[in-house]
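Before any comments, here is the structure.
The values are calculated or read from the model by the stated rules, or taken from the named source; none is laboratory data. Just so it is clear, the model here is predicted, and its values are computed rather than measured. In this analysis, Cβ positions are derived from the backbone assuming ideal geometry, glycine residues included, and neighbour counts consider all displayed protein chains. Areas reflect the complete protein model, heavy atoms only, side chains present, ligands, DNA and RNA absent. Shrake-Rupley method; radii C 1.70, N 1.55, O 1.52, S 1.80 Å.
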Amino acid sequence: MVLANYPKALRICSKADFDLLFKKGKGFTVFPIKLSYLKSDNHPSQQPFLFAATAPKRLFKRAVDRNRIKRQLKESIRKNKHLLLANTNLNSPNQTNLLLFTYIAAEKSSSEVIENATIKLINRLIQSNE
């Protein structure tokens, strides 16, 4: 398990951040994942990006299934975060980007499908900020 590349410093942890993301955040979807994002100025975190991965209890009643999907999402984020870090438009010094990846399909998907959708969402986010 590779959790060293997804440390707590890169995760959205506070309820205030989640509330702000749901109220003011923008987003788009590449099935089976929805990306919600928000640029936050003067965030207490000094990181350029904060991530979160969710799978709704409404669609997956068993915690085992939700945890597996979240694990797949986190791994695809870990593998492809270099695309975000390489982009200079998103890496301004006093700005933190909050990114929430939500799994929206009613059935489980393979890791390849999730990773391809994650790459498309990251590329779309980069294009929208140019």
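Computed from the Kirkwood radius of its Cα pairs, the Stokes-Einstein diffusion coefficient for region 1-55 at 20 °C and 1.002 mPa s stands at 171 µm²/s. In this simple spin-label model, placing a label point 7 Å from the Cα along the Cα-to-Cβ direction at both L20 and E130 gives a separation of 2.8 nm. Checking every one of the GluC sites (Glu not before Pro) in region 70-121 against DSSP loop status and a limit of 11 other Cβ atoms within 10 Å picks out E107.
The largest accessible area among D17, D41 belongs to the first residue in D41, D17, and the rest follow in falling order (1.4 Å probe, all chains).
Loop-resident chymotrypsin sites (Phe, Trp or Tyr not before Pro) (DSSP state other than H, G, I, E or B) in region 19-101 with no more than 16 further Cβ atoms inside 10 Å of their Cβ are absent. Accessible surface of region 46-130, 1.4 Å probe: 48 percent of it comes from carbon and sulfur atoms. A DSSP coil position with no more than 11 other Cβ atoms inside 10 Å describes the following trypsin sites (Lys or Arg not before Pro) in region 8-78: K57, R58, K61, R62. Relative intensity of the chain on a log10 scale, I(q)/I(0) at q = 0.11, 0.19 Å⁻¹, equals -0.36, -1.12, per a Debye sum over C-alpha point scatterers of equal strength in the absence of solvent. Surface exposure of the chain, expressed per residue as accessible area with a 1.4 Å probe, stands at 58 Å². Size estimate for region 25-81 follows the Kirkwood approach: the inverse of mean 1/r over distinct Cα pairs works out to 13.1 Å.
Comparing P44, P56, P32 in a Gaussian network model of the chain where C-alpha atoms under 10 Å apart are linked, the largest mean-square fluctuation is found at P44. These residues, V30, V113, go from largest to smallest accessible area, 1.4 Å probe, as V113, V30. Between I119 and Q95, the distance separating the two model label sites (each 7 Å from Cα on the Cα→Cβ line) works out to 2.6 nm.
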